[in-house]
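Here is the structure we will look at.
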Amino acid sequence: MATVVYKPSSIDFEKPGKHHYQVGFHLDSSWGYSLVPLTVINGLREPGKVDRPPGVAVFGGTHGNEWEGQVAVKRLSQDLDAAEISGLVILMPQLSESACVANQRVSPLDGVNMNRAFPGNARGTISYRIADFVKTFVFRRVGVILDLHSGGNEAVFPLCTSFHPIPDPEQRAEIAEVACLFDTPFVMIYSNQMASGLLTDEAEADGKVAIGGEFGFAEGISRKGLLHAYEGVKNVLRHYMMLSEEVVKIDPSRPSRPRFIKAENLEDYIPCPKDGVWEPTVEVGTDVKKGDLIGRLHEFSDYPMQATEVRAHRSGVLSTMHFSAISKKGATLFVIAEESQP
Ligand SMILES: [Zn+2]
């Protein structure tokens with residue numbers, strides 16, 4: 001059973017062994033709590049002759065309708081054995097618990113997107129208070145932060161891990177190395193101009209090894225995505241010798257290492273020119289050339305009218321595609337990324 005705690009300061013993050021909690025965050029406008037699951041593992045295995053393990057925190061359910069991360073982190077909270085671990089592992093499978101229960105991107109309690117709520121606010125609405133808890137009680141205890149996402153209803157991605165442009169070369173190199181441990185076909189370097197308040201933004205700014213990832217889409221569970229998420233986290237623990245095992249190749253059918261691509265400029269995030277029905281004509285993860293047809297935008301109000309063809313504005317890798325058929329003017333239709341250095 002998980003212990004319910006009402007004051008984060010009452011959680012003993014140094015207690016040896018594995019302990020499950022539900023952290024109660026009181027609701028903003030009615031009596032009750034969002035009970036956010038948390039597992040803290042202080043490994044019982046001696047670290048051996050390596051440096052002190054960095055501590056790893058793993059988040060699922062930052063967006064409630066993205067399921068691979070929630071299930072991967074929940075399974076890890078059961079499967080990881082404190083006797084086999086050295087160092088600290090913190091697992092939060094449903095960070096925006098109210099959004100997860102509702103199968104929504106944002107919390108229905110305050111309408112806030114948890115992945116725009118960082119660094120949080122101890123006096124804010126519930127999502128800001130949860131973000132503040134993460135920043136205050138979790139981030140400072142760990143060196144590595146993993147936030148497992150998928151496309152939800154927003155977009156289709158190829159399986160990838162991700163990070164933002166990192167100015168510090170040492171931090172950048174370690175992040176790139178850890179991002180490869182999930183053995184996804186792509187590692188994506190995103191623009192940090194599209195949004196602010198991200199969990200990983202905050203962690204990167206704190207100097208952490210912070211990795212995001214997209215492990216599926218469409219509010220389902222991709223078997224392959226779940227495997228990469230689950231085994232990828234274990235590979236991170238193996239890499240830092242927090243688990244005494246060799247790093248494994250997750251997808252033996254793909255001999256190559258992950259391919260690094262970057263989409264750092266907003267010019268490569270193409271907005272939908274008008275409301276319509278979006279028919280994609282290219283799979284995500286495909287190499288495209290400037291001028292290639294990426295999709296057609298249909299209007300049914302005047303149905304004999306020709307669809308609007310939308311073509312690649314540049315050559316590169318199609319790294320994101322609008323998910324739903326109904327597309328609104330201004331929504332990102334697709335992203336074309338370019339090859340990058342590992
Ligand atoms: Zn997400």
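The values are calculated or read from the model by the stated rules, or taken from the named source; none is laboratory data. Since the model is a prediction, treat every value here as computed from it, not as a measurement. When we count neighbours, we look across all protein chains shown, and the Cβ atoms used for this are built from the backbone with ideal geometry, even at glycine. We work out accessible area using only protein heavy atoms, side chains counted, and drop any ligands, DNA or RNA first. Shrake-Rupley method; radii C 1.70, N 1.55, O 1.52, S 1.80 Å.
Quick notes on this structure:
- Residues of region 57-105 that turn out to be within 30 Å of Ser244 (Cβ to Cβ), within 11 Å of the ligand (Cβ to nearest atom) and small (Gly, Ala, Ser), as a count: 3
- Among the numbered conditions (1) open to solvent by 10 Å² or more (accessible area, probe 1.4 Å); (2) touching a residue at least 24 places away in the same chain (Cβ under 8 Å), the only one that Ile126 does not meet is (1).
- Of everything in region 112-129 that is away from the ligand (no atom under 16 Å from the Cβ) and of a type in the set (Gly, Ala, Ser), the residue that is farthest from Ala195 (Cα to Cα) is Ala122.
- Flag for Pro255 being more than 16 Å from the ligand (Cβ to nearest atom), at pLDDT 95 or above and either more than 30 Å from Val310 (Cβ to Cβ) or open to solvent by 30 Å² or more (accessible area, probe 1.4 Å) (or both): no
- Count of region 42-75 residues which are under 21 Å from Ile175 (Cβ atoms), touching a residue at least 60 places away in the same chain (Cβ under 8 Å) and either in a loop (DSSP other than H, G, I, E, B) or among the hydrophobic types (A, V, I, L, M, F, W, C) (or both): 12
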